[in-house]
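Just so it is clear, none of the values below were taken in a lab; they were calculated from the coordinates. Bear in mind the structure is a predicted one, so any value in this text is a computation, not a measurement. With ideal geometry, Cβ positions are generated from the backbone for all residues, glycine too; neighbour counts draw on all protein chains shown.
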Amino acid sequence: MRHRILVLAMAVSGAGLVPSAHADDAALQSEVDALRAEVAALKAEVEQMRGAPAPSAAPSAPTLPPPAPGSAAVANAAPVAPHAGTASPNPGNAAGEGTTLWGYGQLDYNRPTSRPADAQFDLTRAVIGFNHIFDESTRLYGELEWEHAIASAEDAGESEVEQLYIEHALAPSYGVRAGLMLVPIGLLNEHHEPTQFYGVERNFVEQAIIPSTWREGGVAGYGNTDSGWQWDIGLVTSPNLGKWDATSDDGRASPLGSIHQELQLAKAHDVSLWGRLNWLGVPGLNIGAAFFAGKIGQDTSRQFDGDANFPADDSRLLLGEAHVRWQSGPWDFSALYTRGTISDTQSLNLTFLGQPTPVPKSFWGGYAQGAWRALEWNRSSLTPFLRYEEFNTGAAYAVQPQGLTTPALPTQRVWTAGLNYYLNPNVVFKIDYQNFRYDDVLLNYGNRFDLGIGYQF
């Protein structure tokens with residue numbers, strides 16, 4: 001091909017320099033133009049051949065799944081539909097080698113309307129994440145988090161590893177993980193960055209019933225199908241019921257949040273199974289369900305005392321949830337319901353008589369939320385939203401003799417209305433007002449006005 005182009009080019013050049021042997025100049029010029037046109041056509045053919053992919057002698061190695069949508073688009077500025085194989089909106093490169101960093105943070109101002117003296121301004125959290133690609137199939141993923149600005153023995157802040165796991169793609173559509181991972185339950189837990197949810201604070205249902213941010217250590221598999229199905233299954237450490245503190249309000253605020261272990265010298269006598277199934281076969285629609293189940297007694301006293309048995313060694317946790325989310329144009333609607341039970345708590349609660357926070361037998365919650373991207377200009381947008389929640393962290397308690405059974409806690413009903421103003425897809429200013437039907441001073445639940453700033457990079 002190249003030789004043909006060279007010969008033709010020489011012919012064209014020579015035709016322009018050598019005196020014509022033809023008497024008709026018009027005919028000569030026509031011949032030169034034709035040769036030039038053929039040269040141009042051959043050059044175009046060569047360039048097209050250069051751009052074509054080379055034939056592969058063998059199938060390529062499985063690659064890591066692509067990044068989750070995250071906050072790359074303002075339209076997805078609420079809990080995004082989970083993406084198989086990713087637990088962060090910023091997992092870095094999907095192939096090749098290298099290390100990427102990202103981060104997110106949140107500053108909140110909360111002012112109870114009936115108790116203005118309790119108003120507070122807080123650097124709620126700051127997170128640095130990293131992703132290292134070893135090869136096309138294997139990566140290391142981690143997140144480091146600081147809460148409430150200062151972490152020390154005398155301060156309320158915390159410093160922690162939020163995630164740290166190895167992920168390996170066995171094929172383009174499925175793979176495995178091992179390490180400290182987020183539990184894939186609900187719409188929020190895997191996508192909890194401030195640019196990903198509406199309102200200053202995370203919704204109560206996915207804090208009180210499904211703890212946020214809930215992570216456990218173990219192994220898990222993930223995958224997806226061409227028909228839109230997405231699945232996760234994992235075997236991980238269980239919460240430890242031996243951590244329950246009946247003198248504290250922590251168990252009332254979040255039963256599972258008070259006993260999940262976060263892989264901090266986690267007792268691993270008992271393990272749990274999780275599973276999740278989503279269907280995303282229609283653009284903008286996510287319908288799914290998930291569960292977490294296992295023993296949570298951890299054989300605590302037999303491990304350390306030898307003789308005595310922990311009063312709830314055989315206690316089991318079962319938590320399930322179902323969710324739906326639909327996004328179409330500027331509209332974003334979502335709903336979720338979750339319910340949990342803890343079995344065999346009678347004997348344990350007998351040891352807590354007279355204490356304010358026994359272990360609940362059941363707890364539940366649900367919410368419905370709607371948002372509308374009303375204005376959009378340049379890279380900015382304004383999105384009003386409305387959310388209604390109901391939840392109860394102590395819906396029932398195990399029956400006790402002689403009328404000692406603990407009465408159920410009141411059900412919380414919360415309306416939240418507000419605005420998310422996105423300066424750009426990665427910086428958001430928030431304002432909202434929350435109305436509580438039951439004013440729980442003990443847990444600081446009460447009508448309040450909130451302001452917030454969130455970012456992600």
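Applied to segment 128-133, the Karplus parametrisation 6.51 cos²θ - 1.76 cosθ + 1.60 on θ = phi - 60° returns per-residue 3J(HN,Hα) values of 10, x, 9, 9, 10, 8 Hz, with x for Gly and Pro. Computed extension gain for HIS168 through HIS269, at 0.36 nm per residue and net of the alpha carbon distance, reaches 33.7 nm.
When the square roots of the Cα gyration tensor eigenvalues are ordered a ≥ b ≥ c, the ratio a/c for segment 361-427 is 1.5 or more and a/b exceeds b/c, which makes its shape prolate.
Couplings 3J(HN,Hα) of segment 184-191, computed from phi: x, 10, x, 9, 9, 4, 7, 10 Hz, in residue order, whole Hz [Karplus 6.51 cos²θ - 1.76 cosθ + 1.60, θ = phi - 60°; x for Gly and Pro]. Taken one residue at a time, the phi angles of segment 327-336 give Karplus couplings (6.51, -1.76, 1.60, θ = phi - 60°) of 10, 8, x, x, 9, 8, 10, 8, 8, 8 Hz. Gly and Pro are set to x. Between PHE291 and ASP118, the contour length at 0.36 nm per residue exceeds the alpha carbon distance by 58.5 nm. Going by neighbour counts of Cβ atoms within 10 Å, the residues PHE457, PHE310, PHE449, PHE204 line up, fewest first, as PHE457, PHE449, PHE310, PHE204. The modelled label-to-label distance for the pair GLU136/LEU235, using points 7 Å beyond Cα in the direction of Cβ, is 3.1 nm.
By DSSP, the beta bridges lying fully in segment 74-456 are antiparallel in about 100 percent of cases. With R₀ set to 45 Å, the beta-carbon distance separating LEU144 from VAL399 gives a calculated FRET efficiency near 0.50. By the count of neighbouring beta-carbon atoms within 10 Å, fewest first, SER347, SER315, SER152 end up ordered SER152, SER347, SER315. Placing pseudo-labels 7 Å out from each Cα toward the beta carbon at LEU277 and LEU382 gives an inter-label distance of 4.4 nm. In this simple spin-label model, placing a label point 7 Å from the Cα along the Cα-to-Cβ direction at both ALA368 and SER227 gives a separation of 3.0 nm. Cβ crowding within 10 Å ranks ARG252, ARG413 as ARG413, ARG252, fewest other Cβ atoms first. For segment 74-456, the fraction of C-alpha pairs farther apart than 27 angstrom is 51 percent. About the centre of its Cα atoms, segment 74-456 shows a dipole size close to 1000 debye [charges on the beta carbon of Lys, Arg (+1) and Asp, Glu (-1) only; nearest 20 debye]. Annotation: peptides 222-230, 99-107, ranked by per-residue average of other Cβ atoms within 10 Å with the highest first, follow the order 99-107, 222-230.
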